[in-house]
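Remarks on the structure that follows.
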Amino acid sequence: MTSADPVDPVDPPEPLDPLAPVLPSPLQEVWDGRFGRRGVRLLLKRDDLVHPELIGNKWRKLVPNIEAARGRPLVTFGGAYSNHLRATAAAGRLLGLPTVGVVRGQELADRPLNPSLSRCAADGMRLHFVDRSTYRHKNEPETLAAILRAAGTEEAYVVPEGGSNAEAVRGCRGLGEELRGRADVTAVACGTGGTLAGLAAGLDAEQRALGIAVLKGGFLAADVQALQERTFGARTGIWSLDDRFHFGGYARTTPELDAFAADFEQRHGMPVERVYVAKLLYGLVALVEEGAFARGTTIAAVVTGRPFPPASQPPQSPQPPATPPTPPVPPTYPASR
């Protein structure tokens, strides 16, 4: 080719979307004798495979909020072991977006960061600690404004604790839509209730959503209903909550729960996140043994997270399920409704 030869223009490659998900997430059937003896089928909705760093419902809740932020810095809230803070920090790093985490507990400011907060800091999140009394009132306009001023984030886009707002609920509705016709009961662990609110709205009219609360207090049902009313105008879908399996409160565990999670990992080859997923699975086993589900019931348990690596280790891409996802269920699929 000479210099006079025409050159076809070459379009630059489109940049890869660092938040691109794997959707729909796999639906994996597992055999577990504790369910099988009762004639109950167990499916795992592997939302932990949606994205390597924005795990499960964190992707579904955060991405709509990031879109609403339109490039503004993000400020959000959480405790010292908040999965939501870690996911927000990871999203900020991936997008080059400034993030600020308002952390419950002023006393933590003078202590070494725990592995969870260390991961946030390693991902570029600026941490702002507030006392617990102020944190409890963070949703009141005057208190929120004072927190934002103190943190220097008055122009930032505010994502609430746990990411649960109308944008997040609409994002989680897609989870329910992916599970239409696939199970009689879909169960999910609940912190702030946004995932349950959206999940229930996306299911078929005859499907039921069950939330397993990981916090104690009994307040979550009102919060879920309020989220649905704010998003859809009314309570939507068939859903309920069970608050017996919090094991003392958020991020708390016991030797019994740890032993259960380790046993489940050994049985099924799936790492079990302790803050949410272990309590969900433990609760489902207990409910099955109580006879809460009729024979022939299919339960889909939403795996909303997986253990995060320590701050000293880079995140690893998730591994696919040990067994292939279940094929689509035909229209004649048996169900107990």
Checklist entry - For the range 213-262, how many residues meet the condition of being hydrophobic (A, V, I, L, M, F, W, C), part of a helix (DSSP H, G or I), open to solvent by less than 40 Å² (accessible area, probe 1.4 Å) and touching a helix residue (DSSP H, G or I) at 6+ places or on another chain (Cβ under 7 Å)? => result 5
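Residues in the range 49-66 that are more than 21 Å from Met270 (Cβ to Cβ) and in contact (Cβ under 8 Å) with a residue 60 or more places away in the chain: how many? Lay out the reasoning, then the answer.
First pass over the range 49-66, keeping only residues more than 21 Å from Met270 (Cβ to Cβ): 61-66.
Next cut, in contact (Cβ under 8 Å) with a residue 60 or more places away in the chain only: 61-65.
The number of residues fulfilling the criteria is 5.
Report the residue count in the range 190-204 for those that are part of a loop (DSSP other than H, G, I, E, B) and either closer than 15 Å to Ser25 by Cβ or without any contact (Cβ under 8 Å) to a residue 12 or more places away in the chain (or both). Spell out the reasoning first.
Initial filter on the range 190-204 (part of a loop (DSSP other than H, G, I, E, B)): 191-193, 203-204.
Those left that are additionally either closer than 15 Å to Ser25 by Cβ or without any contact (Cβ under 8 Å) to a residue 12 or more places away in the chain (or both): none.
Of the residues in that region, 0 qualify.
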Next on the checklist: Of the conditions (1) modelled with pLDDT of 95 or more; (2) touching a Lys or Arg at 6+ places or on another chain (Cβ under 7 Å), His268 satisfies every one except a single condition; which number is it?
Outcome noted: (2)
Next on the checklist: Residues that are without any contact (Cβ under 8 Å) to a residue 40 or more places away in the chain and either open to solvent by less than 10 Å² (accessible area, probe 1.4 Å) or part of a helix (DSSP H, G or I) (or both): does the range 281-304 have at least one?
Outcome noted: yes
Next on the checklist: Exactly one of these conditions fails for Arg267: (1) open to solvent by 60 Å² or more (accessible area, probe 1.4 Å); (2) in a loop (DSSP other than H, G, I, E, B); (3) in contact with a strand residue (DSSP E or B) (Cβ under 9 Å, 6 or more places away or on another chain). Give me its number.
Outcome noted: (2)
Checklist entry - Across the range 224-250, what is the number of residues that are within 17 Å of Thr195 (Cβ to Cβ) and small (Gly, Ala, Ser)? => result 3
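The values are calculated or read from the model by the stated rules, or taken from the named source; none is laboratory data. Just so it is clear, the structure is predicted and the values come from calculations on it, not from any experiment. Every residue, glycine as well, gets a Cβ built from its backbone with ideal geometry; the counts of neighbours run over all protein chains shown. For the accessible areas, the whole protein counts, side chains as well, though only heavy atoms, and no ligand, DNA or RNA atoms are used. Shrake-Rupley method; radii C 1.70, N 1.55, O 1.52, S 1.80 Å.
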